[in-house]
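Below you'll find the structure, written out as structure tokens, and then a few comments.
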Amino acid sequence: MTTMNDSEWWRKSVVYQVYPKSFNDSNDDGIGDIPGITEKLDYLKELGVDIIWLNPIYKSPQVDNGYDISNYREIYSKFGTMSDFQTLLKETHKRKMRLILDLVVNHTSSEHPWFKAAKSSKDDPHHDYYIWKDGDGKKLPNNWGSSFGGPTWEYVDKLGQYYLHLFAKQQPDLNWENPRVRQEVYNIMRFWLEKGVDGFRMDVISLLSKDPAYPDGPVIQNKAYGSYYKGAANGPKIHDYLQEMNREVLSKYDIVTVGETPHTGIDDAVKYTDAKRHELNMVFHFDHMHLDYDENGKFSTKRFKLSELKEVFTRWQNGMAQHNGWNSLYWSNHDQARPVTRFGADDSEWRTQSAKMLGTVLHMQQGTPFVYQGEELGMTNTRFTSIEDYQDIETKNIYHDFMENKKLGSDYTMKSIYLKSRDNARTPMPWSQAENAGFTKGTPWIKLNPNYKEINVQDTLRDKNSVFYYYQKLISLRHTLPIITNGKYVLLDKDNESTYSYLRESDKQVLFVAGNFTADKQIVQVPSSLREKDSQLIISNYETVENNNSTQIELPPYGAAVYLYDKK
Ligand code: GLC
Ligand code: CA
């Protein structure tokens with residue numbers, strides 16, 4: 001059982017992720033902004049979240065919506081000013097919430113002054129801030145393919161060298177081997193921490209340390225290039241770097257850190273998050289996000305299998321608990337499809353029930369839950385009929401690749417985009433039934449999900465049965481019942497493809513959690529150890545749940561129920 005002291009407030013917190021560009025536009029230029037977030041803090045307070053995470057707000061050419069930073073100490077002008085930021089921070093703290101920022105330091109923008117200097121001459125002191133390989137412009141240094149298509153290497157004629165970019169070519173990778181780069185990053189972190197921010201979500205942090213041999217990667221998922229994961233994920237020095245960062249910066253502040261760690265299993269996650277190792281507090285793994293990948297990778301039309309989902313959650317619940325690590329819990333973020341569409345009942349009659357059920361089975365697990373904006377409304381994916389309406393660099397690239405290179409045809413290509421495009425998560429937050437859902441009076445930078453007349457904040461707040469109030473209750477249960485933070489997780493009925501049930505156990509109590517992933521009624525057996533014991537239904541998405549002599553419960557379509565038992 002994990003125990004907690006006060007400085008570990010993040011273990012019982014719930015995080016809300018705000019995608020600033022799509023949250024709320026205060027000046028009607030069509031782009032969400034920082035004053036727009038400040039206007040909505042009371043809404044977040046009402047939901048009951050403890051921590052707000054903002055996607056990047058720094059100066060950026062926006063090739064990858066702010067994950068390409070050209071000045072780490074300035075606010076992107078369309079988002080507002082430093083004083084707007086300081087107001088947001090002050091108002092957040094006034095409401096007893098915390099604010100964390102996205103730290104994007106695997107790469108900068110190619111417009112960052114460091115990179116401009118670096119590519120001006122091999123003798124420039126900033127040259128070694130990036131990763132270069134000599135070459136002739138014809139033969140690539142290795143076979144790695146960038147996350148957004150094409151090779152990870154871009155040739156600079158004048159230097160006779162390639163630079164590395166694991167993402168777009170406008171996102172050159174920083175050279176973490178260079179101690180000056182690391183000191184620059186620590187100074188940037190101190191700059192924000194001294195302003196009072198409460199921590200960082202660290203972008204693709206598992207990719208900082210590259211294998212110095214730069215070995216070719218395996219060619220998987222019908223890709224044109226090899227995968228860079230073997231040579232870049234969890235590389236030889238990653239834990240040294242993070243321990244140094246912790247020693248020099250993180251340990252000096254009362255903050256929370258969560259690393260985004262693509263291609264990281266339990267063994268490495270334990271290294272990142274074991275409190276005794278002094279690296280990070282928690283990481284985002286992707287194992288449940290990979291369940292519906294196929295030979296075409298993320299952009300597949302395959303659906304997940306419930307037994308596999310349970311296997312992933314259970315492996316992480318047990319793995320982290322056994323090794324003193326800590327889980328982050330999430331269904332979605334700005335890179336993922338909407339969970340109701342992906343794991344629930346989409347836009348059908350069971351939409352809200354499935355949204356609540358998904359919330360239940362995630363929030364009752366051990367870890368720190370992350371709620372992505374709009375998830376608390378049960379927002380669904382969006383289908384834009386034309387590829388022109390998509391704004392995301394990954395989506396545009398996949399469209400091109402599937403249509404031109406792989407010749408998969410537009411039916412398949414668009415279907416996979418409907419299911420997986422990152423823009424599903426990036427449509428503007430629907431605040432009301434007003435024009436543009438009350439997000440802006442201007443022209444929104446990306447189209448709205450047309451279902452905003454049915455799914456919006458204003459209507460949600462008027463409906464006491466809404467997904468919002470259900471999430472509010474899930475969050476408040478975490479704040480009031482220590483067993484949700486500390487209890488031991490035990491999976492039940494692991495092969496059942498219709499229901500997900502598990503226990504959380506402490507010395508004195510047991511939580512029994514059950515969720516129905518189908519549109520039919522399902523029976524869930526109560527474990528024999530709990531039968532005859534007194535129990536209390538602490539949350540359910542239905543008013544009544546049939547509980548037959550305490551031996552089994554009957555869950556209606558997409559039903560969820562959580563019972564609290566006293567052990568004595
Ligand atoms: C992370 C971000 C994603 C971004 C990428 C490159 O995966 O979440 O949005 O495109 O890193 O920075
Ligand atoms: Ca604006």
Which ³J(HN,Hα) values, rounded to whole Hz and listed in residue order, are derived for region 47-59 from phi using the Karplus coefficients 6.51, -1.76 and 1.60 in 6.51 cos²θ - 1.76 cosθ + 1.60 with θ = phi - 60°, glycine and proline given as x? 5, x, 6, 9, 9, 10, 10, 9, 4, x, 10, 8, 4
Say each of residue 194 and residue 252 gets a label point 7 Å from the Cα, pointing the same way as Cα to Cβ; how far apart are those two points in nm? 0.9
Taking placed amide H atoms and a strict 5 Å upper bound, the residues 5 or more places from residue 499 or on another chain that come that close are 517
Residue 116 label point, 7 Å along Cα→Cβ, cut-off 17 Å on backbone N: hits in region 36-73? 59-63, 68-73
Where only protein heavy atoms count, and the probe is 1.4 Å, what is the accessible area per residue for region 487-566 in Å²? 46
R0 = 45 Å: FRET efficiency of residue 91 with residue 134, Cβ-based, nearest 0.05? 0.30
Can you give me the % of accessible surface on the chain that is carbon or sulfur? Probe 1.4 Å, all protein chains present, nothing else counted. 46
Among the aspartates and glutamates, which have Cα under 13 Å from the Cα of residue 237 when same-chain residues fewer than 8 positions away are ignored? 177, 211, 268, 279
Expressed per residue, the solvent accessible area of region 343-461 in Å² (1.4 Å probe) is about 36
List the residues of region 360-397 whose backbone N lies under 11 Å from a point placed 7 Å from the Cα of residue 403 along the Cα-to-Cβ direction. 386-390, 396-397
Distance in nm between pseudo-label sites at residue 349 and residue 454 (7 Å out along the Cβ direction from Cα): 1.2
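Using a simple charge model, +1 on the beta-carbon of Lys and Arg, -1 on the beta-carbon of Asp and Glu, nothing else, what dipole does region 104-213 show about its Cα centre, in debye to the nearest 20?
Working: 14 positive and 15 negative charges, 18 e Å.
Once rounded to the nearest 20, the dipole reads 80 debye.
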FRET efficiency for residue 519 and residue 546, Cβ-Cβ distance as r, R0 = 25 Å, nearest 0.05? 0.90
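Distance cut-off 21 Å, Cα to Cα: go down the list 494/567; 21/441; 473/568; 305/494 and report the pairs above it.
Working: 494/567 23 Å; 21/441 15 Å; 473/568 27 Å; 305/494 12 Å.
Result: 494/567; 473/568 exceed 21 Å.
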Relative packing of 358-369, 295-306, which averages over residues the other C-beta atoms within 10 Å, highest first: 358-369, 295-306
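What translational D, rounded to a whole number of µm²/s, comes out for the chain from Stokes-Einstein when the hydrodynamic radius is the Kirkwood one over Cα pairs, at 37 °C and 0.692 mPa s? Kindly include the intermediate steps, with their values, before the conclusion.
Values: Rh = 24.5 Å.
Once the numbers are plugged in, D ends up at 134 µm²/s.
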Calculated from DSSP H runs of 4 or more alone, at -39500 (n - 2.57) each and per residue, what is the 222 nm mean residue ellipticity of the chain, nearest 500? -7500 deg cm²/dmol
Accessible area of region 113-164 divided out per residue, in Å², using a probe of 1.4 angstrom: 47
Only bridges whose two residues both fall in the chain count here: according to DSSP, what percent of them are antiparallel, nearest 5? 65
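The values are calculated or read from the model by the stated rules, or taken from the named source; none is laboratory data. Remember, predicted model here, so these are calculated numbers, not experimental data. All Cβ positions, even for glycine, are placed from backbone atoms using ideal geometry, and neighbour counts span all protein chains on display. Protein only, heavy atoms only, side chains kept; ligands, DNA and RNA dropped before computing areas. Shrake-Rupley method; radii C 1.70, N 1.55, O 1.52, S 1.80 Å.
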